[in-house]
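Novice: The structure that follows is given in the form of structure tokens.
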Amino acid sequence: MVLKKEIHTKREGFSSSIGVIAAVLGSAVGLGNIWKFPYVTGANGGAAFILVYLLCVALVGLPVMLSEHLIGRHTKANAVGAFKALQPRRPWLLVGGAGVLSAFLIMAFYTTVAGWIYAYIFKAAGGALISAKPEDTFGVFNSLISGVGEPLFWQWLVLLVIGTIIMAGVTKGIERVTKLLMPLLFILLLVIDIRSLTLPGAGEGLAFLFKPDFSKITFSVVLAALGLAFFKLSVGMGAMITYGSYVDKNENLPKMAIKVALADTLVSLMAGIAIFPAVFALGFEPNQGAKLLFVIIPAVFNSMPFGRVFMVLFFMLTAVAATGAMLSLLEVPIAYLTEQYRWTRRKATLLTILAIGLLGSTATLSNSVFANVIVFGKTFFDLFDFTTSNILLPVGGIFVALFVGWQWGYAKVKREMSNEGRLKNDGLVRIYMFLVKFIVPIAIVIVLLAGLNLINPIISFFKDISI
Ligand code: PFF
């Protein structure tokens, strides 16, 4: 009896510094780096956008990530429990509740895209994607996404894979798998980078990525960069609070957040290097939007020697990245349900996966069965994407920053950030507090207003002005 109680109350955690980095990086690195980052960069003009994006990561994304880690580690609790522990009688726990909801909604469309990626590994290997013409590869993509049984099968397979890993636990599941997957991802990316860079004519793509044309920085480019930074670093919805709660008291949190943000940015840049030199070398256009990965990339691979092998590798690494990110998304409701309601990990995982599967199916069928179901002017897929990226994540991020900056208190934050005074990082604490008190909330308010289209009058005012 006593033993059972102990098992229930003892909290699992990451077992080593390397494990922590792997898991947190595993959350940040995902479809955001390999699917979103390249197409948003392509659509926004390349290098200048990347520079603004880097600024957004450093000044907004990084401080919010650190805030979530501090809250999580201090309370050793899930997203809702953490706020409850810090401010028991205040409505701050709603921020955690909104995070759990966000995790569900992101999972609903993220598992759809991850399913397409899983499917593409097999399509690439089996020879279904052998044309070098975008019209042909578009046909393959279109038939996949407008199907019913096929995309659903892949989405549920994705859920089964991550459910199995999550059920194994924090140390034996998440930490063990991400520790294995992250190095694999780097190696695969490196191989594809070398391939892309050695194609004749690759220089033009590199120039697109690294030679900024500052006339391209407009107000809307800054907004796109800020939104991406949020999604990229998995902040604003409790994933980093949850993972932070598994981090040891001796870990240097600011150092860790900086390392993760740097490594995540490196992966995005490496994905850019894998894609753009090849796109330019083979005569394609970089501004293809969301279909860049599924339509243009296969055509690019098919235009080069040994393309099929590289294509299989490429989609494998994307699947790896997406899987690590989904583990952190799924862990948010799992930690909440097991801690707040005392559900077993098994029960929580099975029921959550079932719920995500049902909700996510509506996203997957957005191009077929539910193509005509339009809610607030959007299909289910777009609605989940829009509501999370443009509303819930920014709202979550702003409250996290406000909470740490204005509610928790300087002395307590300093204690947590310096590991009870053992780390001498006074200057860093001061810079960080300035960012979360002022810069982060102001920047996020701008993103939020733009996301809700409330800022249109301002945009039209600034329209032709380059910053
Ligand atoms: N950071 C992930 C990516 O870039 O693909 C997406 C993500 C994962 C967002 C986990 C939020 C989250 F909690």
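For every residue, the table says whether it meets (1) within 14 Å of the ligand (Cβ to nearest atom); (2) at pLDDT below 90; (3) touching a Gly at 6+ places or on another chain (Cβ under 8 Å).
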{"site": "199", "(1), (2), (3)": "no, yes, no"}
{"site": "203", "(1), (2), (3)": "no, no, no"}
{"site": "206", "(1), (2), (3)": "no, no, no"}
{"site": "219", "(1), (2), (3)": "no, yes, no"}
{"site": "226", "(1), (2), (3)": "no, yes, no"}
{"site": "231", "(1), (2), (3)": "yes, no, yes"}
{"site": "238", "(1), (2), (3)": "yes, no, yes"}
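Novice: Follow-up. Against the condition out of contact with any His (no Cβ under 6 Å at 6 or more places or on another chain) and within 16 Å of the ligand (Cβ to nearest atom), how does residue 266 come out, does it pass? Spell out how you get there, then give the answer.
Specialist: Working: out of contact with any His (no Cβ under 6 Å at 6 or more places or on another chain): yes; within 16 Å of the ligand (Cβ to nearest atom): yes.
In short, yes.
Novice: Out of all the residues in segment 113-124, is one or more under 14 Å from residue 238 (Cβ atoms), crowded, with 21+ Cβ neighbours inside 10 Å and either without any contact (Cβ under 8 Å) to a residue 40 or more places away in the chain or within 17 Å of the chain's Cα centre (by Cα) (or both)? Working first, answer last.
Specialist: Within segment 113-124, the subset under 14 Å from residue 238 (Cβ atoms) is none.
Among the residues of segment 113-124, not one is under 14 Å from residue 238 (Cβ atoms), crowded, with 21+ Cβ neighbours inside 10 Å and either without any contact (Cβ under 8 Å) to a residue 40 or more places away in the chain or within 17 Å of the chain's Cα centre (by Cα) (or both), which makes the answer no.
Novice: If a residue must be more than 14 Å from residue 16 (Cβ to Cβ), touching a Ser or Thr at 6+ places or on another chain (Cβ under 7 Å) and surrounded by 20 or more Cβ atoms within 10 Å (Cβ to Cβ), how many such residues does segment 164-180 contain?
Specialist: The total comes to 1.
Novice: Whether any residue in segment 332-348 is among the basic types (Lys, Arg), farther than 25 Å from residue 96 by Cβ and surrounded by 15 or more Cβ atoms within 10 Å (Cβ to Cβ) is what I want to check. Before you say what the answer is, go through the steps one by one.
Specialist: So the first thing to find is which residues in segment 332-348 are among the basic types (Lys, Arg), and the list is 342, 345-347.
Next, from what is left, pick out any that are farther than 25 Å from residue 96 by Cβ: none.
Looking for residues that are among the basic types (Lys, Arg), farther than 25 Å from residue 96 by Cβ and surrounded by 15 or more Cβ atoms within 10 Å (Cβ to Cβ), one finds none in segment 332-348, hence no.
Novice: Only one of 160, 152 is surrounded by fewer than 17 Cβ atoms within 10 Å (Cβ to Cβ) and on the phi < 0 side of the Ramachandran plot. Can you tell me which?
Specialist: Of the residues listed, the single one that is surrounded by fewer than 17 Cβ atoms within 10 Å (Cβ to Cβ) and on the phi < 0 side of the Ramachandran plot is 160.
Novice: Residues of segment 320-354 being among the β-branched types (Val, Ile, Thr) and assigned to a helix (DSSP H, G or I), which ones?
Specialist: First pass over segment 320-354, keeping only residues among the β-branched types (Val, Ile, Thr): 320, 323, 332, 334, 338, 344, 349, 352-353.
Passing the criteria: 320, 323, 332, 334, 338, 349, 352, 353.
Quick grid of which residues meet (1) touching a residue at least 24 places away in the same chain (Cβ under 8 Å); (2) touching a Cys at 6+ places or on another chain (Cβ under 9 Å); (3) more than 30 Å from residue 244 (Cβ to Cβ):
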site	(1), (2), (3)
336	yes, no, no
341	no, no, no
344	no, no, no
348	no, no, no
363	yes, no, no
370	no, no, yes
375	no, no, yes
385	yes, no, no
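Novice: Can you tell me which residue among 364, 352 is within 21 Å of the chain's Cα centre (by Cα), of a type in the set (Ser, Thr, Tyr) and within 16 Å of the ligand (Cβ to nearest atom)?
Specialist: 352
Novice: Could you run through segment 290-306 and say how many residues are assigned to a helix (DSSP H, G or I) and farther than 13 Å from residue 34 by Cα? Before the answer, list the steps.
Specialist: The initial filter retains those residues of segment 290-306 that are assigned to a helix (DSSP H, G or I), namely 290-302.
This time we only want the ones that are farther than 13 Å from residue 34 by Cα, so: 295-296, 298-302.
So the count comes out to 7.
The values are calculated or read from the model by the stated rules, or taken from the named source; none is laboratory data. Keep in mind it's a predicted model, so treat the numbers as computed, not measured. Because the Cβ atoms are built from the backbone with ideal geometry, glycine has one as well, and the counts that use them run over all protein chains shown.
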